[in-house]
Amino acid sequence: MITINQDQCSSPKSVHSIFVQANLVFFDFDGVIKDSISAKSDAFAELFSGYDPRLAVKVRDHHETHGGMSRFEKLPLYLSWAGVQPTPEKIHECSNQFAQLARAKVLASPWVKGMREYLEREQPQQTRILVTATPEKEIIEILNVLKIRKCFHEVHGAPKKKSDVVQDVLQRWQVSPDKTLLVGDSMTDWQAAMDHQVPFLLRRTPWNRELQESSGCLAFDHL
């Protein structure tokens, strides 16, 4: 059973000790492996820059406080705010434009300190699963460019729901939830962990202060 207490999260060394207890770790990507939340905020703002300037600000704010949502959930909302009918064709068009804008920004964004080193360090006893709101094909391409695809046993992205992925992985790998860990930075990540009694570790960011305060979950800055 993984034991997490407040004192353990006081230093990178202590956070590392929490990671290595787990037989299986679920990792989010944006905000956990790469500090790329603002990179995608910039991409969304640029995508809607041709509309009312206040819309770009509203879109940015929403994205930064709903990091675990897929763009396929966000785009219909943002298009409706812009007064544009969110047809499947328009959503597909905007999704492709966003992907082109975001990819370079994500690749150029800084790593969360210590995370790359941890991932590249072999942990034969640990299964690592990436679960993200980024479309699956796109995240695999990004992982390949970053040369860390090999660090994960499985990679799951949109349109899969994070909670569904957690449930499926627990069943297929036949691992008890109390021997796993989910590392995330959003309410969606936290909810996926709570749905299946998986211990949760929050990567602290400027955009999840409300979650830090309301959930009572333990948080860290870097490894």
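Tabulated values for the structure
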read-out: Test for I129: is it of a type in the set (A, V, I, L, M) and in a strand (DSSP E or B); value: yes
read-out: Condition broken by P53, with the remaining ones in (1) under 30 Å from N23 (Cβ atoms); (2) at pLDDT below 95 satisfied; value: (1)
read-out: Residue among K74, K34 that alone is touching a strand residue (DSSP E or B) at 6+ places or on another chain (Cβ under 7 Å), basic (K, R) and within 19 Å of T132 (Cβ to Cβ); value: K34
read-out: Qualifying position, being within 15 Å of F26 (Cβ to Cβ), out of contact with any Leu (no Cβ under 7 Å at 6 or more places or on another chain) and among the small types (G, A, S), among A133, A108; value: A133
read-out: Qualifying residue in the stretch 207-221 (condition: surrounded by fewer than 20 Cβ atoms within 10 Å (Cβ to Cβ), of a type in the set (A, V, I, L, M) and modelled with pLDDT under 95); value: yes
read-out: Filtered residues of the stretch 200-220 (kept if touching a residue at least 40 places away in the same chain (Cβ under 8 Å) and in contact with a Lys or Arg (Cβ under 9 Å, 6 or more places away or on another chain)); value: A219, F220
read-out: Helices (runs of 4 or more DSSP H) wholly inside the stretch 30-104 containing at least 2 residues that are free of Cβ contacts under 8 Å to residues at least 12 places away in the same chain and farther than 30 Å from L119 by Cα; value: 53-65
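The values are calculated or read from the model by the stated rules, or taken from the named source; none is laboratory data. These numbers were taken from a predicted model, which means no experiment stands behind them. As a convention, Cβ positions derive from the backbone with ideal geometry for all residues, glycine included, and neighbour counts pool all protein chains shown.
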